[in-house]
Amino acid sequence: MTITVNGLAELKKLSGSDLGTSEWIEVTQDRINTFADATGDHQWIHVDPERAAEGPFGAPIAHGYLTLSLFIPLFTELLDVQGVTTKVNYGLNKVRFPSPVKVGSRIRLVGKLAEVEEVPGGAQIRVDGTIEIEGGTKPAAVLQSLSRFYA
């Protein structure tokens, strides 16, 4: 369920709040191949299903940065900030990939709005996120994401 806030004052009130959990999305071979084409990273562990089946994970795996890039569509399911003119990705503090995402796996985001601070013309948020793998014992990614919202 999406939490909707109107403006920076309402956003600030959410500091420290759990944002909940997104829906599951499937990481398909087609998504992996498209990412490989976009980035030029065609390592066999990602794009060669036959060879990857014989590799260390028994199947192709998603690029770590593909998993990381899926943070944005998953995050938009958790928080919608209205009443602002601009929303930008400001960066990351920490990122780890504890477990690979095998092709066909489903992932989701668990998020916490850890911090909201004022910046000139707006606010910066830090979201502590965990991208879980359905049925997995370790997360696919653990991260701190920074975004800015301008009034």
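The values are calculated or read from the model by the stated rules, or taken from the named source; none is laboratory data. Fair warning: this is a prediction, and the values are worked out from it, not measured in the lab. Reconstructed Cβ throughout: ideal geometry from the backbone, glycine too, with neighbour counts over all protein chains shown. For accessibility, only protein heavy atoms count, side chains too; no ligands or nucleic acids. Shrake-Rupley method; radii C 1.70, N 1.55, O 1.52, S 1.80 Å.
Details
Conditions tested, residue by residue: (1) in contact with a strand residue (DSSP E or B) (Cβ under 7 Å, 6 or more places away or on another chain); (2) among the small types (Gly, Ala, Ser); (3) over 25 Å from Gly58 (Cα atoms); (4) modelled with pLDDT of 95 or more.
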| position | (1), (2), (3), (4) |
| --- | --- |
| Asp80 | yes, no, yes, yes |
| Gly83 | yes, yes, yes, yes |
| Gly91 | yes, yes, yes, yes |
| Pro98 | yes, no, no, yes |
| Lys102 | yes, no, no, yes |
| Ile107 | yes, no, no, yes |
| Gly111 | yes, yes, yes, yes |
| Glu115 | yes, no, yes, yes |
| Ala140 | yes, yes, no, yes |
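- Scanning the range 81-96 for residues that are under 20 Å from the mean Cα position of the chain (by Cα) and more than 18 Å from Pro139 (Cα to Cα) yields Val81, Thr86, Lys87, Val88, Asn89, Tyr90, Gly91.
- Answer residue from the range 22-57, given it is open to solvent by 60 Å² or more (accessible area, probe 1.4 Å) and among the hydroxyl-bearing types (Ser, Thr, Tyr) and is nearest to Val103 (Cα to Cα) among those: Thr34
- Of the residues Leu66, Leu70, the single one that is of a type outside the set (Lys, Arg) and touching a strand residue (DSSP E or B) at 6+ places or on another chain (Cβ under 8 Å) is Leu70.
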